[in-house]
1. Name the pairs whose Cβ atoms lie under 8 Å apart, with the first residue in the range 30-53 and touching a residue at least 12 places away in the same chain (Cβ under 8 Å) and of a type in the set (Val, Ile, Thr), the second surrounded by 13 or more Cβ atoms within 10 Å (Cβ to Cβ) and not in a helix (DSSP H, G or I), and 6 or more positions between them or separate chains?
2. What are the residue pairs meeting all of these: first residue in the range 59-71, first residue farther than 11 Å from Ile32 by Cα, second residue open to solvent by 50 Å² or more (accessible area, probe 1.4 Å) and modelled with pLDDT under 95, Cβ atoms under 8 Å, and 6 or more apart or on different chains?
3. Counting only residues that are open to solvent by 60 Å² or more (accessible area, probe 1.4 Å) and either out of contact with any Ser or Thr (no Cβ under 9 Å at 6 or more places or on another chain) or assigned to a loop (DSSP other than H, G, I, E, B) (or both), which one in the range 26-43 is nearest to Val83 (Cα to Cα)?
4. For the list (1) more than 14 Å from Ser30 (Cβ to Cβ); (2) in contact (Cβ under 8 Å) with a residue 40 or more places away in the chain, I need the number of the one condition that Ser133 fails.
5. Go through (1) free of Cβ contacts under 8 Å to residues at least 40 places away in the same chain; (2) in contact with a strand residue (DSSP E or B) (Cβ under 8 Å, 6 or more places away or on another chain); (3) not hydroxyl-bearing (Ser, Thr, Tyr) and name the single condition Ala114 misses.
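The values are calculated or read from the model by the stated rules, or taken from the named source; none is laboratory data. Computed from a prediction, not measured in an experiment: that's the story for all the values here. Positions of Cβ are backbone-derived with ideal geometry, glycine not excepted, and every protein chain shown enters the neighbour counts. All accessible areas refer to the heavy atoms of the entire protein, side chains included, with ligands and DNA or RNA removed. Shrake-Rupley method; radii C 1.70, N 1.55, O 1.52, S 1.80 Å.
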Amino acid sequence: MMTTDDQNESRNNQVHKARFKDWTLMFIFSVITMGSSADVSGNSTSGRTSYQHFAVFLSTISFLVSCLSVFLYLSSRFSKHFVNSVWEGFCAFLLIIIWVIGVSIVSDSETELAVDEEGRVRVGNLYYFAWASL
């Protein structure tokens with residue numbers, strides 16, 4: 001029969017695995033949106049609009065934060081300092097703020113990043129994965 005401590009440890013392991021999966025998905029979504037933002041923006045940085053620069057910047061910050069979080073989860077040395085800490089909560093909060101701003105920029109028809117002037121999705125990866133990141 002399982003004791004209360006065993007049940008709590010089992011529950012903590014399940015939460016730990018679920019959060020690791022969430023961080024991994026955020027990492028993947030950030031890679032896709034970063035690549036799509038850069039692709040839509042073109043090869044030349046001089047011809048980019050401020051919205052295009054900002055979309056690439058936000059997705060890059062999201063990529064770095066989620067990459068760091070995945071690394072910290074995998075590291076036996078640093079995991080105990082990051083998992084279930086204020087730092088993990090701060091990283092999650094930061095990504096929420098980033099993607100609220102990012103989705104509003106990407107899905108605005110005036111910026112013409114993922115949506116054209118008539119509101120149709122032009123770049124599906126950028127549009128849908130930006131929403132998935134949120």
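1. Listed by first residue and then by second, the contacts come to Val40/Leu113; Val40/Ala114; Val40/Val123; Thr49/Thr111.
2. Once the first residue is farther than 11 Å from Ile32 by Cα and sits in the range 59-71, its partners that are open to solvent by 50 Å² or more (accessible area, probe 1.4 Å) and modelled with pLDDT under 95 give Val70/Phe20; Phe71/Phe78.
3. Asp39
4. Status for Ser133: all satisfied but (1).
5. (1)
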